[in-house]
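Worksheet for the structure shown next.
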Amino acid sequence: MTASLLISGAGIAGLSAALALSRAGVRVDVLERSPDLSTEGAGVQLGPNVTRILRSWGLQDGLNAMAFFPQHLCAHDARDGRIMGQAALASAAQRYGAPHVCIHRADLQTLLWQAAQAQPHVHWHWGQTLQDVKQDAGLVSVCSAAGQSWQADGLVVADGIGSALRRSLFGDGAATPTGHLALRALLPMADVPAVWRTGNVHVWMGEHFHVVHYPVRAGQWLNLVLVRHRPDMAMAQDQWSLHSDGAWAQQAVSHSCSALRDLVGAVAQWRYWMLADRAPLGSAQEMAVGRIALMGDAAHPMRPYLAQGAGMAIEDAAALHWAWQTQGNLGVCAAWQAMAHSRWQRVAQVQKQSRRNGRIFHSTGLLRWGRNVALQTWGPDLMDPSWLYGGGPMPMA
Ligand SMILES: Cc1cc2nc3c(=O)[nH]c(=O)nc-3n(C[C@H](O)[C@H](O)[C@H](O)COP(=O)(O)OP(=O)(O)OC[C@H]3O[C@@H](n4cnc5c(N)ncnc54)[C@H](O)[C@@H]3O)c2cc1C
C-alpha cells in the first residue's frame, strides 16, 4: 500500500514539501487554515543553494518569467551612502551552478502550487485550522479547531512561526520577540527615484537599523525592507502586516545620506510587524519526533538578515524527498530521522549567522568602523558565503 502523509500549512515550506514528496510518489494531504492560496507578502531573495533545488523541480521557466536576476549585491554605509563592499550575483550561476534571484512571495507560492497541482497524489484542504496532534506506533492524527480529524502514516509540520502543532508537540511556547520592527513596501518602478532603478540588491547599514531593496516581478516593482530597533514596542504575535505611513521609516533614516532619505521618502505606505525567532537548533530531535517531521519556520524561525528563511524551508523539502527515497522503505520514522540528522547543523549555522549579521548591519562606534574596513578589504568574499550557496541537500531527480 502507498504511504500517506499530512502536511500542515500551505506556505513556502508546506507547498515545497507537497511538491517534493508527491514527486517521490507519496499521497499527500495539505491542510491550510486560509480559505485559498495566500497572495500576501513581499519579496524574497533566493540564493543558488535554493534555485538549484527549484530548477530540479522543473521551475526554471517559471523563475525566468516571474523573478528578477540581480547583477550585484552592494553594501552601503547609510550615513554617507558610499559603497563599502560589492559582490557579483549575476555570476553566481558560474560559481555555484544556479542563479541568485529576487521574487515576490506570491509568485513563488504560485509556482510551487501549480507544480504540486500537476502531481497526481496531492489533495488540498483549505480553511482547516489545525490545533492538535497525536501519534502512536501505527499512525499520526491531527484535529482542527472545528473538530475534524485526519490520520496518516506521517505528518510534516509546516504551519509557520506561530505553529499550533509545534506547541501541541513540544509545549515550548511562542517564538521570542527580537525587539526589531520590520517595515516592508512595494513601489512601482515608475515611482522609484531614477538613480535607484538599478539591477542590483542594495543593503544600507545604519546605526540600529538597515534597509534592503531590490526589484521583483521581472523588474516591474521595487521591494523595500527597513528593519529598526524598537525594543519598547510590544506587539502580539498574531499582529502582523499592520499599516504604517512613512513617519517611522523616515525617522529611522533621518541622520542618513540624502539618497537613502529620498528613497524612503518615496514610500507612502508600509506594512509592519515585530520580528521573532528561536534559539538555533541544538539537535536533530527538534526536527523529527517519531512520525512527525518539522520544517520551515515551524522548526527553525530565524531573523531575516541572511535572507534564507524561505530558502531553508525549500532545502528542508528537498531533504524530505532525499530521506524518503533513501530511507522510506524502512518506514516514516527512519526517513524523518535521516532528514533531521542531515539538516539540523546546517540550519543552526544559518540561524547563528543571521543573528550575527543583524549585529553587524546595525552596529555603532568601533564595531561599525571595523565592519566598514572589513567590507572594504574583503567585501566580495564576505558577501559570497560559499559554505551556504555551495551546500545544502543535493536535488533528487
Ligand atoms: C522582513 C522579512 C524578509 C525576509 N526575506 C527573506 C528572503 O529574502 N529570503 C528568504 O529565503 N526568506 C526571507 N524571509 C523569511 C521567509 O519569509 C520565511 O522564512 C518563510 O516564509 C517561512 O515559510 P513557512 O512556510 O515556514 O511559514 P509561513 O510562510 O508562515 O507559512 C505557514 C502556513 O501555515 C498556515 N498555518 C498557520 N497556522 C496554521 C494552522 N493552525 N493550521 C493550518 N495552517 C496553518 C499559514 O496560513 C501559512 O499558509 C524573510 C522574512 C521577513 C520577516
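Quick note: the coordinates plus some simple rules give every number you see, no bench work behind them. Keep in mind the model is a prediction, meaning the values are calculated, not measured. Here Cβ is always computed from backbone atoms with ideal geometry, including for glycine, and neighbour counts include all displayed protein chains.
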Sites matching trypsin sites (Lys or Arg not before Pro) across segment 273-367 that sit in DSSP coil, with at most 12 neighbouring C-beta atoms within 10 Å: none
Cα centre as origin, Lys/Arg/Asp/Glu Cβ charges: segment 260-397 dipole, Debye: 420 debye
Give me the one-decimal nm value for the distance between modelled label points at residue 146 and residue 39, 7 Å along each residue's Cα-to-Cβ direction. 2.3 nm
Rounded to the nearest 10, the angle in degrees between the Cα long axis of helix 309-327 and the longest principal axis of the Cα atoms of the chain comes to 30 degrees
Among 364, 392, 380, flag the residue with its Cα farthest along the positive direction of the charge dipole of segment 343-396, charges on Cβ as +1 for Lys/Arg and -1 for Asp/Glu. 364
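Return the inverse of the average 1/r over all pairs of distinct C-alpha atoms in the chain, which is the Kirkwood hydrodynamic radius, in Å to one decimal.
Values: mean 1/r = 0.0465 Å⁻¹.
Computed over Cα pairs of the chain, the Kirkwood hydrodynamic radius comes out at 21.5 Å.
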How big is D, in µm² s⁻¹, for segment 263-397 by Stokes-Einstein at 4 °C and 1.567 mPa s if Rh is the Kirkwood radius over C-alpha pairs? 77 µm²/s
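Assign one of three labels to segment 8-74, namely rounded, prolate or oblate, based on the Cα gyration tensor with a ≥ b ≥ c the square roots of its eigenvalues; rounded applies when a/c is under 1.5, prolate when it is not and a/b is larger than b/c, and oblate otherwise. The partial results should precede the final answer.
Working: a/c = 2.52, a/b = 1.47, b/c = 1.71.
Taking the square roots of the gyration eigenvalues as a ≥ b ≥ c, segment 8-74 is oblate.
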Which FRET efficiency value, to the nearest 0.05, is calculated for residue 60 and residue 95 with the Förster distance at 22 angstrom and r the Cβ-Cβ distance? 0.75
Mind checking the dipole of the chain: about its Cα centre, +1 per Lys or Arg Cβ, -1 per Asp or Glu Cβ, Debye to the nearest 20? 720 debye
Determine how many Å³ per residue the convex hull of the Cα atoms of segment 176-277 encloses. 103 Å³
From the backbone phi of segment 132-146, what are the Karplus-calculated ³J(HN,Hα) couplings (6.51 cos²θ - 1.76 cosθ + 1.60, θ = phi - 60°) in whole Hz, Gly and Pro given as x? 8, 9, 9, 9, 9, 5, x, 8, 10, 9, 10, 10, 9, 4, 7
Counting only helical runs of four or more DSSP H residues, what would the 222 nm mean residue ellipticity of the chain come to if each run contributes -39,500 (n - 2.57) and the total is spread over all its residues? -11000 deg cm²/dmol
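At 0.36 nm per residue, minus the direct Cα-Cα distance, what do residue 110 and residue 285 gain on full extension? Give it in nm, one decimal, please.
This chain segment gains 59.8 nm when fully extended.
For residue 397 and residue 191, what is the calculated FRET efficiency with R₀ set at 41 Å and r taken between the beta-carbons, to the nearest 0.05? List each step's numbers first, then the result.
Working: r = 44 Å, r/R0 = 1.08.
Plugging the Cβ-Cβ distance into 1/(1 + (r/R0)^6) gives 0.40.
Counting alpha carbon pairs within less than 8 Å and at least 6 residues apart, what relative contact order, in whole percent, applies to the chain? Let's see the in-between values first.
Details: 867 pairs, mean separation 87.9, N = 397.
The value is 22 percent.
When ranked by the protection proxy of mean other Cβ atoms within 10 Å per residue, highest first, what sequence do the peptides 101-108, 382-389, 187-194 form?
Working: 101-108: 22.9, 382-389: 17.0, 187-194: 12.5.
Top of the packing list down: 101-108, 382-389, 187-194.
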Using the charge dipole of the chain (Lys, Arg: +1 at Cβ; Asp, Glu: -1 at Cβ; taken about the Cα centre), state which of 97, 19, 319 has its Cα farthest towards the positive end. 97
Lys/Arg +1, Asp/Glu -1 at C-beta; segment 176-277 dipole; positive extreme among 201, 268, 211: 201
